[in-house]
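Only the coordinates and a few stated rules stand behind these numbers; no lab work does. Because the structure is a prediction, the values reported are computed rather than measured. Virtual Cβ from ideal backbone geometry, glycine too; neighbours counted across all protein chains shown.
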Amino acid sequence: MKEKRASNLLVIQNVSKRFRGRPVVRDLSLEIPPGSIFGFLGPNGAGKTTTMRMVTGILEPTVGRILVAGFDVVEEPLEAKRRTGFIPDSPFLYPKLTGEEYLELIADLYHLSDWKKHAEELLERFVLSERRKDFIESYSFGMRQKLSICGALLPRPSLIVVDEPLIGLDPPAARTVKDIFLEETERGAAIFMSTHLLEIAEALCDTVGILDNGELVAMGRMEELLSSEDERLEEVFLKLLAERREEGTPERERWEALARAAARTIQRPQLRKKSRE
């Protein structure tokens, strides 16, 4: 497998996407270095999922360029996809395969030779070992989501793209996902994660970007976005969205009310960023 030297595992350069002439993503640029987690935030319809589908090669940008580990997702799609693991918000699995067969399929697609031990470890961590020989159609939504995560992590990808990582997961599985994400960054992977759970972004992400109406309206390291130790990411997020709405409109008033409510929250979330030392 050929490699390219790349200082950033994901590079999005001036990317726009239009559907039937309507802009969905507008001139988006960002970079994610190895060993970091980038949190992609925004209201519903902001363009987050569309961006992730472009990064994974499901959609092509109308304008601009996307590089994964130095490989262009349009010009070198197979090389880019070999280095990408994708965890969608709704798992796309084959119901007539068993969990074990699904992971074997992933191993074949990625041309993995030494994968069984890693597969066993992942199934064990997500408490799926006892159901590995059962058909996926018998799995609950949460179990399917956990199997989807196992499949994405199996090839040890350079870039992990995650759309709402904790949907459908019980608390122990959610804790496992957060621990694994930090472990993946320790081995040098980069994670591009969208989430509506701002406390998760605040606890895990090194850098956060806020997307609104297809535009990146704010981006920075967590300590740069939070003006004080007592400020919460929720407040920053809601204030930014309120500022972008026209004065006097119901939408502006709604976002401002939410921002005031967030600012009145006395107790800061207990979820803290895990040390990487």
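Values as computed for the structure displayed
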{"read-out": "Local electrostatic count, Leu103, Cβ distance below 11 Å [Lys/Arg +1, Asp/Glu -1]", "value": "-3"}
{"read-out": "Under 5 Å, built H, 5+ apart or other chain: amide partners of Val24", "value": "Lys17, Arg18, Phe19"}
{"read-out": "For Leu59, residues with placed amide H under 5 Å, excluding near neighbours", "value": "Met54"}
{"read-out": "Hz values of 3J(HN,Hα) by residue in segment 24-38 - Karplus curve (6.51, -1.76, 1.60), Gly and Pro given as x", "value": "10, 10, 10, 6, 8, 9, 6, 9, 10, x, x, x, 9, 10, 9"}
{"read-out": "Exceeding the 18 Å Cα-Cα cut-off - candidates Lys96/Lys133; Lys4/Lys48; Lys81/Lys133", "value": "Lys4/Lys48; Lys81/Lys133"}
{"read-out": "Residues whose placed amide H lies under 5 Å from that of Gly35, excluding near-sequence neighbours", "value": "Gly188, Ala189, Ala190"}
